[in-house]
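Note sheet for the following structure.
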Amino acid sequence: MQAFDLIRPTDLPAAIAAMGKGRRFIAGGTDLLQLMKENIETPSALIDLDALALDGIGADGGGLMLGALARMADVAAHPAVRAEYPAISQALLSAASPQVRNMGTVGGNLLQRTRCVYFRDAAFPCNKRTPGAGCPAIAGQNRMLAILGGSADCIATHPSDLPVALAALEATVVMQGPNGTRRVPISDFYLLPGTTPGQETVLAPDEIITMIEVPASAWARRSAYVKLRDRASFEFALVAAAVALDVRDGTIAAARVALGGVAAKPWRAMAAEAALVGQKADGATFAQAAALATEGARPAGRNGFKVRLAQRAVARALGALV
Amino acid sequence: MGIIGAPIARVDGRAKVTGRARYAAEAAVPGAVHAVLVQSTIAAGVVLAVETAAAEGMPGVLAILTPQNAPRLADVRPQAQLVPNPTLQDATVAYNGQTIAVVVAETLQQAEAAAAHVRARYRADEAITEMGDDLADAYVPKNFRNGMRKPDSARGDADAAFNAAPVQISATYTTPVEHHNPMEPHATIARWDGDRLTVWTATQYVSGARATLARLLGIDAGNVRVICPFTGGGFGCKGTTWPPAVLAAMAARSVNRPVKLVLDRRQMYTSNGFRPRTLQKLRLGATPDGQIVSLRHDGFTQMSLGDFGEFAEPVGLASEMLYAVPNAAVTHRLVAVNQGLPTYMRAPGEASGSFALESAIDEMAAALNMDPLDLRLRNYAESDPHENRPFSSKALRECYRAGAEAFGWAQRPLAPRCLRDGDVLVGWGMATALYPINRSAAQATLRMGADGRVFVRSGTQEIGGGTYTTMAQVTAEALGVPVGQVTAQLGDSAWPHAPVSGGSQTSASVLNAVVAAADALRARLAALAGLDARQVQLAAGTLVGPDGTRLRIDVLLARHGLDTIEATAESVPGDEKQRFSLHSFGAHFVEVQVDPAIGRIRIARHVGAFDTGRVLNARTARSQAIGGIIYGYGMALLEKTEVDAETGRYVNANLSDYLVPVNADVPDIVTIFVEKPDRNANPLGVKGLGELPTVGVAAAVANAVYHATGRRVRDLPIRVEDVLA
Ligand SMILES: Cc1cc2nc3c(=O)[nH]c(=O)nc-3n(C[C@H](O)[C@H](O)[C@H](O)COP(=O)(O)OP(=O)(O)OC[C@H]3O[C@@H](n4cnc5c(N)ncnc54)[C@H](O)[C@@H]3O)c2cc1C
Ligand code: SF4
């Protein structure tokens, strides 16, 4: 790790004003410090967001508001989240470990960098870190990496669980920068790698995520998150699925399906959603929809099994809702 | 039950969980500065130059050792148990992650920051980065088992018997590179006082570290003291004194300050050995009624192309003797690649070899349509068929029986895919465990005070197995005092010599020395009292004579003007190795649940039954058994060090991407000890337990997965994609 300055602003405008080249915001630090220890990130200064009072959790009939600095553990345990947005609580509880969830924030979780092992070792070239350097993962160890939305430059996945649930529940990310506040649907927040894998989200360097908004809905209440991995706990997803259904008299009125661990963004499976709506909420419908969830998949050398596995995760998650 | 065997809580447990147990990196050494390693990013070639100018100008930097400027060592020829390289003695690079520089700075942060600015220029040569399936260049080990065993053995005619056998199994199994991953990283603090060197280091062998440091640094062993009161796990990677300890001493001499060098987790994958990849070809031939007439085990294991010495994983030794097979052939070959030197890792040879052997036995049972336990019993070896000697003791049949009964093995349907729980497939598998009984010369000192307090001291190590506790227990029983009155001291090369805490030999070596020292102490007390040593006993602070009269020890000592009385003794192996085949045994019975739709494998139940001779402490013994079994789960389902084929660099050298089991992976484990003290092996009758419980676990799990799914997985670890429907 390289030496850095620590700046501790006490209000949002001061924090935004403090941002400059080579500087980084820090929330819980659980990801940023790992990257700094590996010399992947070498900021000259950290701007600590802790004192900005952005850690509130609020819920009313209209929806859920998660302050960006709310701890993962607190959000997961919140009664309203558990009752009205179970996929969010389940996704958070499947992430990391209790210790990490006590430190890590939901805003920081949205911005966690990929777990691609080449990205996290400065000895390897990596297009995401250095444009044009090359991507050793495409011909190398890519069992964990993308089967959807990858490019010739990068096949990294976004590793976080929470955003997958947020994608299914159509959350909005609220950001504040020098030019004011922006609200972006989570489906537009993440970018696919294309030829610029270093550009992962639409967030500008001097913008701060202040809040995540999740609209209340019948399907949010009937939602679930299933995460599949090698180890029983404390591991990133091989694949994951967040699903939500509005079922009326046994028929599906609305459906949301998102996949995790398969792409650089939470992957909305629109074809699977379409196959669910208007159908009976039963195993046969779920199996048909699940088979469509990975449409367009292009696995790398070692992760072909993830295509089938992702479909199974969808079927499992849907099955858990009825 | 006396004090020996009692389930006494670890005497050092409280210190460990409250942080008061001081590990190597925590020793308070005033004025210590910090060293950080810089490691290569190519797999083969030469370091043309290490560019240090930028780093040298950074705050706090005191020195940067490189192949160009590092002090020369006295002797860099590799020998058995002595790994002198890589220690910056030359510029060749033989693997990715080889140490090429050491940065020393006032603080750890400064040293780490500067290390990131050290750049190397290389001439990169073509590298063989992985041991693949091409075995054309395999060669015979030059120094197999340090010359104690032959790499190849044969009895009868295995090939002819195989060809004639009506039922044949022929299969290839592989196990990947695995790393020990002790919680405590390698750590050394080195301090010179003139030409005397004191080293605090994380080790399984304080006197081995002393010998290695003395030899490489060219100083007298009497001038080196190695201290290690606690080792935070080793599993074999702290048995040898690896280069970082030497580099710390070199750096300390260079900067004339005490130097602390702690490896980071990534460096723990490239600096202190690993379990090598193995490829094992098994051939079994049997008669239709299940007599195995031929067994052939050809083992190929990964070695290093570097000039670091030799290590051969002895995968076939168990195959030589576990079953009463008339025709057997075993070979060991090495395949050298551009990786570091492999080393001992918990049950080296037996753990990886038994995966192949005990899987093949299960395959044979399936081919014969026979219960796998019946097949093993049908071929039970009453004496060692390889060494042609009786066993010192063998209660394997009792382990099979007790384990099978506790598990309910008799209910097992013969065919796979018969047990289900809803959509989840259930499978039952078993395998045999075995491990040699080892013992080396060891010394111990006992000192008893007039106040009744006893100190027992030996230059052995506590690596997590409970040595402080068992030393105190054996001492207490031998001297007739409560355990609470005994203080055990270990982990200092200045103390009576003890062997490496490896090969599961600590109890058999050190505790027999403690017993011998107690005998010597009793003799000294008897002499003071004018009694015949053979006729006295010690009990509750008194000397009990042949007629039952009791003489208080404090009174006896006072009478002779003594505050304390002390005795040192050595215990050495006898001729038991010539007379007996020495092994501990066990059996694993495992239930797995496989959810084929999502490729999930979970271990649901486990019964492990062990013939480990005398049990010294029922509590620490169970803890060792559970720990060993969980180590086996890692091997079966999770652990694999992944190499980037292009660069030969490990890509998952951290505890996030290299998976070891967590609590959620572990079921309730039943452990059974078939307790039969083995006095043919050593006076205390202990057989050793550190490694035995790991052996066979991977095969038992693989066999259970087969029974659940009908799929035979021959390459470890068994993962989602192997069982996904
Ligand atoms: C061992 C381990 C295992 C893990 N396993 C999982 C897992 O299974 N699933 C999972 O989802 N996660 C997992 N994580 C990741 C963990 O959830 C994230 O590290 C955590 O959510 C990040 O939050 P933080 O507050 O610590 O972020 P930080 O590390 O402080 O920040 C991360 C990034 O976000 C930026 N940032 C943070 N907050 C803001 C903000 N409000 N506005 C703008 N930028 C901001 C920072 O500048 C930085 O670039 C694991 C982490 C560890 C260490
Ligand atoms: S997949 Fe992406 S992050 Fe990984 S090495 Fe390639 S470019 Fe870098």
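Inside the range B:653-686, can you point out the residues that are in a loop (DSSP other than H, G, I, E, B), over 30 Å from B:Asn96 (Cα atoms), of a type in the set (A, V, I, L, M) and open to solvent by 30 Å² or more (accessible area, probe 1.4 Å)?
If the condition is that a residue be in a loop (DSSP other than H, G, I, E, B), over 30 Å from B:Asn96 (Cα atoms), of a type in the set (A, V, I, L, M) and open to solvent by 30 Å² or more (accessible area, probe 1.4 Å), then B:Val666 is the only one that fits.
Could you figure out which of (1) surrounded by fewer than 24 Cβ atoms within 10 Å (Cβ to Cβ); (2) over 22 Å from the mean Cα position of the chain (by Cα) isn't true of B:Val705?
(1)
Quick check on A:Ala297: is it within 23 Å of B:Ala725 (Cα to Cα) and either in a loop (DSSP other than H, G, I, E, B) or within 11 Å of chain B (Cβ to nearest Cβ) (or both)?
yes
Considering only residues of the range B:634-647 that are open to solvent by less than 40 Å² (accessible area, probe 1.4 Å) and among the aliphatic types (A, V, I, L, M), which is farthest from the other protein chains (Cβ to nearest Cβ)?
B:Met635
Hand me the list of strands (runs of 3 or more DSSP E) wholly inside the range B:70-168 holding 2 or more residues that are open to solvent by 60 Å² or more (accessible area, probe 1.4 Å) and not assigned by TED's automatic domain parsing to the domain that holds B:Thr301. Walk me through it before giving the result.
Working: elements: B:99-105, B:119-124, B:153-155.
In the range B:70-168, B:119-124 are the strands (runs of 3 or more DSSP E) which contain 2 or more residues that are open to solvent by 60 Å² or more (accessible area, probe 1.4 Å) and not assigned by TED's automatic domain parsing to the domain that holds B:Thr301.
For the range A:196-221, what are the residues that are part of a loop (DSSP other than H, G, I, E, B) and either assigned by TED's automatic domain parsing to the domain that holds A:Ala27 or free of Cβ contacts under 8 Å to residues at least 60 places away in the same chain (or both)?
Restricting attention to the range A:196-221, the residues satisfying the condition of being part of a loop (DSSP other than H, G, I, E, B) are A:196-200, A:202-207, A:216-217.
Hits for the range A:196-221 are A:Gln199, A:Val202, A:Ala204, A:Ser217.
Any residue in the range B:259-270 that's assigned by TED's automatic domain parsing to the domain that holds B:Ala115: show its pairings with residues that are open to solvent by 20 Å² or more (accessible area, probe 1.4 Å) and among the small types (Gly, Ala, Ser) at Cβ separation under 7 Å, as long as the two are six or more apart or on different chains.
B:Val259/B:Ala32; B:Lys260/B:Ala25; B:Lys260/B:Ala32; B:Val262/B:Ala25
In the range A:109-120, which residues are in a loop (DSSP other than H, G, I, E, B) and within 16 Å of ligand 1 (Cβ to nearest atom)?
Those that are in a loop (DSSP other than H, G, I, E, B) and within 16 Å of ligand 1 (Cβ to nearest atom): A:Leu111, A:Gln112, A:Arg113, A:Thr114, A:Arg115, A:Cys116, A:Val117, A:Phe119, A:Arg120.
Just wondering, is there one or more residues in the range A:222-231 that are over 14 Å from the mean Cα position of the chain (by Cα), more than 14 Å from chain B (Cβ to nearest Cβ) and either in a strand (DSSP E or B) or free of Cβ contacts under 8 Å to residues at least 40 places away in the same chain (or both)?
yes
Residues in the range B:275-283: is at least one closer than 25 Å to B:Asn181 by Cβ and open to solvent by 20 Å² or more (accessible area, probe 1.4 Å)? Lay out the reasoning, then the answer.
Looking only at the range B:275-283, we keep the residues that are closer than 25 Å to B:Asn181 by Cβ, and these are B:275-280.
Of the ones still in play, those that are also open to solvent by 20 Å² or more (accessible area, probe 1.4 Å) are B:277.
Scanning the range B:275-283, I find at least one residue that is closer than 25 Å to B:Asn181 by Cβ and open to solvent by 20 Å² or more (accessible area, probe 1.4 Å), so the answer is yes.
For A:Ala146, indicate whether it is more than 14 Å from ligand 1 (Cβ to nearest atom), within 14 Å of chain B (Cβ to nearest Cβ) and closer than 24 Å to B:Tyr650 by Cβ.
It is false that A:Ala146 is more than 14 Å from ligand 1 (Cβ to nearest atom), within 14 Å of chain B (Cβ to nearest Cβ) and closer than 24 Å to B:Tyr650 by Cβ.
Please go through (1) assigned to a strand (DSSP E or B); (2) away from chain A (no Cβ under 14 Å); (3) in contact with a Ser or Thr (Cβ under 8 Å, 6 or more places away or on another chain) for B:Leu689 and return the number of the only condition it doesn't satisfy.
Status for B:Leu689: all satisfied but (1).
Output the number of residues of the range A:7-35 satisfying the condition of being in contact with a Leu (Cβ under 9 Å, 6 or more places away or on another chain) and within 14 Å of chain B (Cβ to nearest Cβ).
Qualifying residue count, the range A:7-35: 1.
From the list B:Tyr631, B:Tyr650, which one is open to solvent by 10 Å² or more (accessible area, probe 1.4 Å), within 10 Å of chain A (Cβ to nearest Cβ) and under 21 Å from B:Tyr344 (Cα atoms)? It would help to see each step written out before you state the result.
On the way: B:Tyr631 fails: within 10 Å of chain A (Cβ to nearest Cβ).
Selected residue: B:Tyr650, the only one of B:Tyr631, B:Tyr650 that is open to solvent by 10 Å² or more (accessible area, probe 1.4 Å), within 10 Å of chain A (Cβ to nearest Cβ) and under 21 Å from B:Tyr344 (Cα atoms).
Considering only residues that are open to solvent by 10 Å² or more (accessible area, probe 1.4 Å), modelled with pLDDT of 95 or more, assigned to a loop (DSSP other than H, G, I, E, B) and acidic (Asp, Glu), which ones fall in the range B:299-351?
B:Glu310
Would it be correct to say that B:Ile565 is within 14 Å of chain A (Cβ to nearest Cβ) and buried (at least 18 other Cβ atoms within 10 Å of the Cβ)?
no
Evaluate the following for B:Ser623: is it of a type in the set (S, T, N, Q) and open to solvent by 40 Å² or more (accessible area, probe 1.4 Å)?
yes
Give the range B:539-555 a look and list any residue that's under 21 Å from B:Val483 (Cα atoms) and open to solvent by less than 20 Å² (accessible area, probe 1.4 Å), or say none.
Correct list: B:Thr542, B:Leu543, B:Ile553.
Return the only residue of B:Ala597, B:Ala558 being at pLDDT below 95 and surrounded by fewer than 21 Cβ atoms within 10 Å (Cβ to Cβ).
Numbers: B:Ala597 fails: at pLDDT below 95.
Residue meeting the stated conditions: B:Ala558.
Tell me which of these A:Ser97 doesn't satisfy, since it passes every other one: (1) surrounded by fewer than 17 Cβ atoms within 10 Å (Cβ to Cβ); (2) over 18 Å from the mean Cα position of the chain (by Cα).
(2)
Restricting the search to the range A:304-322, which residues are open to solvent by less than 10 Å² (accessible area, probe 1.4 Å) and more than 9 Å from chain B (Cβ to nearest Cβ)? Break it down into steps so the answer makes sense when it comes.
Initially, the range A:304-322 is screened for residues open to solvent by less than 10 Å² (accessible area, probe 1.4 Å), giving A:306, A:309-310, A:313-314, A:317-318.
The answer is A:Ala310, A:Val314, A:Ala317, A:Leu318.
Could you run through the range B:580-626 and say how many residues are acidic (Asp, Glu) and more than 14 Å from chain A (Cβ to nearest Cβ)? Give the steps one after another, and end with the answer.
Taking the range B:580-626 and keeping what is acidic (Asp, Glu), we get B:591, B:595, B:611.
If we keep only those that are more than 14 Å from chain A (Cβ to nearest Cβ) as well, we get B:591, B:611.
So the answer is 2.
Taking the range B:181-202, which residues are open to solvent by less than 10 Å² (accessible area, probe 1.4 Å) and either of a type in the set (D, E, K, R) or part of a loop (DSSP other than H, G, I, E, B) (or both)?
If the condition is that a residue be open to solvent by less than 10 Å² (accessible area, probe 1.4 Å) and either of a type in the set (D, E, K, R) or part of a loop (DSSP other than H, G, I, E, B) (or both), then B:Pro182, B:Ala202 are the ones that fit.
Quick grid of which residues meet (1) surrounded by 15 or more Cβ atoms within 10 Å (Cβ to Cβ); (2) within 16 Å of ligand 2 (Cβ to nearest atom); (3) not in a helix (DSSP H, G or I):
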{"site": "A:Leu6", "(1), (2), (3)": "no, no, yes"}
{"site": "A:Ala14", "(1), (2), (3)": "no, no, no"}
{"site": "A:Ala17", "(1), (2), (3)": "no, no, no"}
{"site": "A:Gly20", "(1), (2), (3)": "no, no, yes"}
{"site": "A:Met65", "(1), (2), (3)": "yes, no, yes"}
{"site": "A:Ala73", "(1), (2), (3)": "yes, no, no"}
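Yes or no: B:Gly222 closer than 30 Å to B:Val335 by Cβ, open to solvent by 10 Å² or more (accessible area, probe 1.4 Å), modelled with pLDDT of 95 or more and not in a strand (DSSP E or B)? Before the answer, list the steps.
Working: closer than 30 Å to B:Val335 by Cβ: no; open to solvent by 10 Å² or more (accessible area, probe 1.4 Å): yes; modelled with pLDDT of 95 or more: yes; not in a strand (DSSP E or B): yes.
Against the criterion (closer than 30 Å to B:Val335 by Cβ, open to solvent by 10 Å² or more (accessible area, probe 1.4 Å), modelled with pLDDT of 95 or more and not in a strand (DSSP E or B)), B:Gly222 does not qualify.
Just give me the residues in the range A:103-139 being of a type in the set (Gly, Ala, Ser) and surrounded by fewer than 24 Cβ atoms within 10 Å (Cβ to Cβ), in sequence order.
Of everything in the range A:103-139, those that are of a type in the set (Gly, Ala, Ser) and surrounded by fewer than 24 Cβ atoms within 10 Å (Cβ to Cβ) turn out to be A:Ala122, A:Ala123, A:Gly132, A:Ala133, A:Gly134, A:Ala139.
Sort out which residues of the range A:264-291 are crowded, with 24+ Cβ neighbours inside 10 Å and in contact (Cβ under 8 Å) with a residue 40 or more places away in the chain, and write them in order of number. Reasoning before the result, please.
First pass over the range A:264-291, keeping only residues crowded, with 24+ Cβ neighbours inside 10 Å: A:264-267, A:269, A:272, A:276, A:286, A:289-290.
Correct list: A:Ala264, A:Lys265, A:Pro266, A:Trp267, A:Ala269, A:Ala272, A:Leu276.
The values are calculated or read from the model by the stated rules, or taken from the named source; none is laboratory data. Predicted model only: the values in this text are computed from it and were never measured. All Cβ positions, even for glycine, are placed from backbone atoms using ideal geometry, and neighbour counts span all protein chains on display. Just so you know, the surface numbers come from the protein's heavy atoms only, side chains and all, with ligands and any DNA or RNA stripped out. Shrake-Rupley method; radii C 1.70, N 1.55, O 1.52, S 1.80 Å.
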